[in-house]
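The values are calculated or read from the model by the stated rules, or taken from the named source; none is laboratory data. Keep in mind the model is a prediction, meaning the values are calculated, not measured. Here Cβ is always computed from backbone atoms with ideal geometry, including for glycine, and neighbour counts include all displayed protein chains. Accessible surface is based on the protein model in full, side chains and every heavy atom, while ligands, DNA and RNA are left aside. Shrake-Rupley method; radii C 1.70, N 1.55, O 1.52, S 1.80 Å.
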Amino acid sequence: MSSTVEVHVKRQDGAGKEPYWQKFHVPYQYGMNVITILQEIQRNPTDADGRKTTPVSWDCSCLEEVCGACTMVINGHVRQSCSALVDKLEQPIILEPMRKFPVVRDLVVDRARMFEAMKRVKAWVTVDGTYNLGPAEKQPPKQQQELYEFSRCMTCGCCVDACPQYTSENTFVGPAAIGQTFLFNRNKAGKFEEEDRLNTLMEEGGIHECGNAQNCVRVCPKDIPLTRSIAALNKDTLKQALKNMFLK
């Protein structure tokens with residue numbers, strides 16, 4: 001391993017500004033990850049030609065692949081920078097912001113669209129705290145295990161970044177919101193709003209926008225079986241459409 005790491009960063013000075021590339025040489029440290037590289041650049045913001053520049057902006061929080069805040073495109077693959085070890089990456093290391101969200105600055109993006117999609121599908125259990133609801137209905141262990149997989153979603157955005165159907169030209173809610181719809185519709189406490197969620201998925205930007213490319217499951221860092229939820233909800237929305245047609 002060389003004593004320095006060559007890093008190319010796609011930078012942008014602000015929303016709507018023209019992006020440009022900047023090259024850095026960072027001292028190598030055993031066990032360093034991409035976050036360490038960015039911290040080194042922040043400590044000494046000097047490019048590979050020795051010119052002073054501004055520190056690179058990026059997001060991070062937990063540093064243990066739980067929050068998803070540090071997600072970016074590394075050597076062409078969307079993933080978390082905290083778990084991207086330099087020793088396992090080809091050099092030069094290419095860092096870019098996520099491709100499906102507006103860039104705020106450098107590697108920081110605005111993921112509001114994804115969180116708005118979570119609101120659209122009501123990805124939560126409504127709690128009425130005005131009276132005691134009593135104990136919740138028990139879930140069989142097999143169902144607990146199935147739903148646990150979907151509860152691991154950290155809304156990092158990898159799935160929507162890789163999804164060819166998720167573009168600025170449409171309002172597709174994306175695989176993350178569909179996966180959370182499956183989670184809360186199968187949850188006994190969340191099932192009360194199942195019908196609303198299914199009707200939302202039949203609106204513009206709903207589940208019919210999915211092209212079944214299956215990129216979402218390939219890039220999900222938590223191995224969430226998103227295509228299973230899409231297949232199940234395709235059936236559920238069809239049943240809901242028939243119900244709407246004949247019972248209302």
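Overview of results
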{"item": "Residue, surrounded by the fewest Cβ atoms within 10 Å (Cβ to Cβ), within segment 58-80, restricted to residues that are of a type in the set (Gly, Ala, Ser) and closer than 17 Å to Cys153 by Cα", "result": "Ser61"}
{"item": "Segment 119-160, residues that are among the hydrophobic types (A, V, I, L, M, F, W, C) and under 12 Å from the mean Cα position of the chain (by Cα)", "result": "Cys153, Met154, Cys156, Cys158, Cys159, Val160"}
{"item": "Any chance Asp87 is over 16 Å from Thr155 (Cβ atoms) and not hydroxyl-bearing (Ser, Thr, Tyr)", "result": "yes"}
{"item": "Residues within segment 36-57 that are open to solvent by less than 60 Å² (accessible area, probe 1.4 Å) and closer than 30 Å to Arg152 by Cβ, tallied", "result": "5"}
{"item": "Any chance Asn199 is in a loop (DSSP other than H, G, I, E, B) and either surrounded by fewer than 21 Cβ atoms within 10 Å (Cβ to Cβ) or of a type in the set (Val, Ile, Thr) (or both)", "result": "no"}
{"item": "Near pairs, Cβ below 7 angstrom, 6+ apart or cross-chain, from segment 193-218 (within 14 Å of Ala123 (Cα to Cα)) to any residue that is among the basic types (Lys, Arg) and open to solvent by 40 Å² or more (accessible area, probe 1.4 Å)", "result": "Glu193/Lys122; Asp196/Lys122; Arg197/Lys122; Thr200/Arg120"}
{"item": "Qualifying residue in segment 12-35 (condition: in contact with a Pro (Cβ under 6 Å, 6 or more places away or on another chain), farther than 27 Å from Cys153 by Cβ, crowded, with 17+ Cβ neighbours inside 10 Å and touching a residue at least 40 places away in the same chain (Cβ under 8 Å))", "result": "yes"}
{"item": "Residue ID - nearest to Leu95 (Cα to Cα), chosen from residues in segment 37-48 that are in contact (Cβ under 8 Å) with a residue 24 or more places away in the chain and of a type outside the set (Val, Ile, Thr)", "result": "Leu38"}
{"item": "Failed criterion for Ala176 (all others in (1) under 22 Å from the mean Cα position of the chain (by Cα); (2) assigned to a helix (DSSP H, G or I); (3) exposed (fewer than 14 other Cβ atoms within 10 Å of the Cβ) hold)", "result": "(3)"}
{"item": "Contacts under 6 angstrom Cβ, first residue in segment 227-248 being within 27 Å of Gln214 (Cβ to Cβ), partner open to solvent by 20 Å² or more (accessible area, probe 1.4 Å) and part of a helix (DSSP H, G or I), 6 or more apart", "result": "Thr227/Val217"}
{"item": "Condition check for Asp110: in contact with a Pro (Cβ under 9 Å, 6 or more places away or on another chain), surrounded by 19 or more Cβ atoms within 10 Å (Cβ to Cβ) and more than 21 Å from Pro27 (Cα to Cα)", "result": "no"}
{"item": "Qualifying residue in segment 159-169 (condition: open to solvent by less than 90 Å² (accessible area, probe 1.4 Å) and free of Cβ contacts under 8 Å to residues at least 40 places away in the same chain)", "result": "no"}
{"item": "Segment 69-82 residues that are free of Cβ contacts under 8 Å to residues at least 40 places away in the same chain, paired with ones that are among the aromatic types (Phe, Trp, Tyr) (beta carbon under 8 Å, 6 or more apart)", "result": "Cys70/Trp58; Met72/Trp58"}
{"item": "Failed item in (1) buried (at least 18 other Cβ atoms within 10 Å of the Cβ); (2) farther than 15 Å from Asp161 by Cβ, with Lys88 passing the rest", "result": "(1)"}
